[in-house]
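K.L.:
Submitted below is the structure of interest, expressed as structure tokens.
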Amino acid sequence: MAYILCIETSTTNCSVALTHDDKVIALEEDYSLQYSHAERLHNFIYKVIKDAGLSLKDLSAIAVSKGPGSYTGLRIGVSAAKGLCYALEIPLLSVSTLYSLALQIEIKEENTYIVPMLDARRMEVYAAVFSNQYEQVRETKAEVLAEHSFSEYMENKKVYFIGNGVEKFSAICKNDNAIFIEDKLPSAKEMAIISFSKYKKEDFEDVSYFEPYYLKDFVTN
């Protein structure tokens with residue numbers, strides 16, 4: 001049995017979930033268009049713990065979304081997670097932001113792909129490609145979008161695109177096999193399954209040396 005605090009701050013969604021094993025038992029999120037992490041994150045942390053009737057000392061581990069995403073957002077989330085791990089002497093887990101985002105799409109049909117993409121300014125996105133079984137089949141990249149981006153995956157299969165990079169790609173992509181899931185951001189909810197799996201395997205990060213996966217660490221808000 002494990003209580004894991006999950007922190008997601010890679011986009012404008014400041015999201016905190018408290019999980020019992022792989023189930024979410026408390027959740028606080030702010031989907032506003034502005035970054036509010038510095039003001040809300042710690043309030044959300046204490047709120048989910050209080051709502052669950054627990055205290056900080058009951059936590060088994062802290063999980064944090066590691067990126068890619070907003071430089072400032074990731075830095076705030078990771079700093080808070082590391083501080084809690086030090087203070088409580090519990091392990092740190094990291095979760096791929098794009099993997100977590102891909103889990104928001106439930107696909108029953110075979111021969112499909114999922115492409116989570118996050119806005120990286122101008123016509124650039126952070127993106128990866130996953131199978132319908134959530135296996136990563138292409139590495140994470142920062143890439144400039146063009147009309148025929150990801151066309152090799154859409155030759156004979158449907159591709160689901162999700163994240164705040166979808167709006168700019170849907171405006172230029174004319175492929176009939178492209179399916180755009182709009183108005184979705186990474187959330188701490190999907191971190192539950194991933195973080196508990198890593199916790200059981202003791203796949204912990206070194207709290208002293210862990211850094212977010214910025215991918216383009218010169219990008220700031």
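K.L.:
Would you pick out the residues in segment 65-117 that are of a type in the set (S, T, N, Q), part of a strand (DSSP E or B) and more than 14 Å from the chain's Cα centre (by Cα)?
P.N.:
Correct list: 112 only.
K.L.:
Say whether the condition of being surrounded by fewer than 21 Cβ atoms within 10 Å (Cβ to Cβ), assigned to a helix (DSSP H, G or I) and either in the same structural domain as residue 193 (by TED's automatic domain parsing) or not charged (D, E, K, R) (or both) is met by at least one residue in segment 20-39.
P.N.:
The answer is yes, given that some residue of segment 20-39 is surrounded by fewer than 21 Cβ atoms within 10 Å (Cβ to Cβ), assigned to a helix (DSSP H, G or I) and either in the same structural domain as residue 193 (by TED's automatic domain parsing) or not charged (D, E, K, R) (or both).
K.L.:
Suppose we filter 134, 126 for residues that are in contact with a helix residue (DSSP H, G or I) (Cβ under 8 Å, 6 or more places away or on another chain), buried (at least 23 other Cβ atoms within 10 Å of the Cβ) and either under 21 Å from residue 194 (Cα atoms) or not hydrophobic (A, V, I, L, M, F, W, C) (or both); which single one remains?
P.N.:
126
The values are calculated or read from the model by the stated rules, or taken from the named source; none is laboratory data. Bear in mind the structure is a predicted one, so any value in this text is a computation, not a measurement. Backbone-built Cβ (ideal geometry, glycine too); neighbour counts: all protein chains shown.
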